[in-house]
Amino acid sequence: MKTKTLAFIGGGNMASALIKGLIEDGTPPQNILVAEPDDQRREQLAASFGVRTVDDNSLAANEADILILAVKPQVLKAVATALAPALKRKKPLCLSIAAGIRHASLQAWLGEDIPLVRVMPNTPAMLGAGASGLYAPASVGDDQRSEAEHIMRATGIAVWLDDESQMDALTAVSGSGPAYFFLFMEAMENSARKLGLPDKTAHLLVLQTALGAARMAMESATELEDLRRSVTSPGGTTEKALDSFREHELEKLVDKALTAARDRSIEMSTAMGED
Ligand SMILES: NC(=O)c1ccc[n+]([C@@H]2O[C@H](COP(=O)([O-])OP(=O)(O)OC[C@H]3O[C@@H](n4cnc5c(N)ncnc54)[C@H](OP(=O)(O)O)[C@@H]3O)[C@@H](O)[C@H]2O)c1
């Protein structure tokens, strides 16, 4: 893996997050090649990471052992169909991180015999705290799966999905998920201010509490339900707040919201595949 050439098509935010993680993990910068149309962006990438850059996608594809498609979904069809002839010779492992573009659509654009893994990362990848879902059909072998997983682990955790339809649920959970937590933190912050805490104090307390709770949940083997019970004394303050959430059917609200996100993901994927 450390001797292979990794080529990125598109050198934007998500590509930068992956490049940073890969270099920190020991991938030599000279083994990373980025195809990016914007001159300034190319200079920035070369200066920040020491990677090689080109302005021609096919040049990058010719050299790639592994190709990561990191352009916006709206341009992916044009980019992928233009790359197809260059991929025919070497047939590199391809990863697509484009939201909402189904495996079958991309496979048809790139060529049916190109090994292809579909990935859905999320924004905390920028901090190395991402959560990515990966899907590939059975034709993609174990070695290629482990290469794809290694790349995505550079920005956080990576989980495999057995069935591509689970990608829509994953989008509703981890893809859109950071925004749900931001909303909840905003609501707590607003309430903390109303209860009389200064702005800065309210902000810090909410953020640190969210981080502390997430770390407790990550770092202990205890179930979430038991963690919740362990901080809820009968007749105490926490119980009062939780009773109020229950009375207003928080769980039902969360379920409705995630189902709506999942359904929208299905709708968008269908529309993008038809374009
Ligand atoms: N950011 C996220 O949190 C996130 C989460 C999940 C999935 N994704 C997926 O990751 C992909 C990239 O997202 P991003 O946020 O990194 O977008 P981005 O910052 O806009 O990066 C895309 C890059 O591709 C370049 N580009 C445009 N047309 C190109 C072409 N024909 N050939 C080569 N490069 C081209 C863009 O250059 P110009 O700016 O000059 O157009 C830009 O630098 C998307 O498909 C998105 O769905 C992102």
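What follows draws every value from the coordinates through simple rules; no lab data is involved. What you see is a predicted model; the values in this text were computed from it and never measured. Reconstructed Cβ throughout: ideal geometry from the backbone, glycine too, with neighbour counts over all protein chains shown.
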Could you bin all the Cα-Cα distances of segment 11-116 into 5 Å bins starting at 0 and give me the percent of pairs in each, rounded to whole numbers? 2, 13, 24, 25, 19, 12, 4, 0
Using a basic spin-label model with each label point 7 Å from the Cα along Cα→Cβ, how many nm lie between ASP38 and THR238? 4.5
Which one, ALA86, VAL140, GLY273, is farthest towards the positive end of the dipole of the chain when Lys and Arg carry +1 and Asp and Glu -1 on their Cβ? ALA86
Per DSSP loop assignment and a cutoff of at most 16 other beta carbons within 10 Å, the chain keeps its longest run without exposed trypsin sites (Lys or Arg not before Pro) at 91-275
Scan segment 197-275 for GluC sites (Glu not before Pro) in coil per DSSP, keeping those whose Cβ has at most 14 other Cβ atoms within 10 Å, and list them by number. GLU223, GLU249
So what is the calculated 222 nm ellipticity per residue for the chain, using -39500 (n - 2.57) for each DSSP H run with n of 4 or more, over all residues, to the nearest 500 deg cm²/dmol? -17500 deg cm²/dmol
Pull out the extension gain between ALA47 and ALA260, defined as 0.36 nm times the separation in residues minus the alpha carbon to alpha carbon distance; nm, one decimal. 72.5 nm
Where nothing but the Cβ of Lys and Arg (+1) and of Asp and Glu (-1) is charged, how large is the charge dipole of segment 1-81 around its Cα centre, in debye to the nearest 20? 200
Dipole of the chain, Cα-centred, from +1 at each Lys and Arg C-beta and -1 at each Asp and Glu C-beta, to the nearest 20 debye? 460
Sorting SER233, MET216, PRO178 by the position of each Cα along the dipole of segment 177-265 (Lys, Arg +1; Asp, Glu -1; all at Cβ), the one nearest the positive end of that ordering is PRO178
Just how large is the dipole of segment 6-167 about the Cα centre, in debye to the nearest 20, putting +1 at every Lys and Arg Cβ and -1 at every Asp and Glu Cβ? 240
Helix 13-24 sits off the longest principal axis of the Cα atoms of the chain, rounded to the nearest 10 on a 0 to 90 degree scale, by 80
Rounded FRET efficiency, nearest 0.05, which uses the C-beta distance separating LYS88 from GLU186 and R0 of 51 Å: 0.55
Can you tell me the convex hull volume per residue for segment 177-265, based on C-alpha atoms, in Å³ to the nearest whole number? 126
If I take every Cα pair under 8 Å that is 6 or more residues apart in the chain, average their sequence separation and divide by the length, what percent do I get for the relative contact order? 15
Subtracting the Cα-Cα distance from 0.36 nm times the residue separation, let me have the gained length for ALA179 to LYS252 in nm, one decimal. 24.5 nm
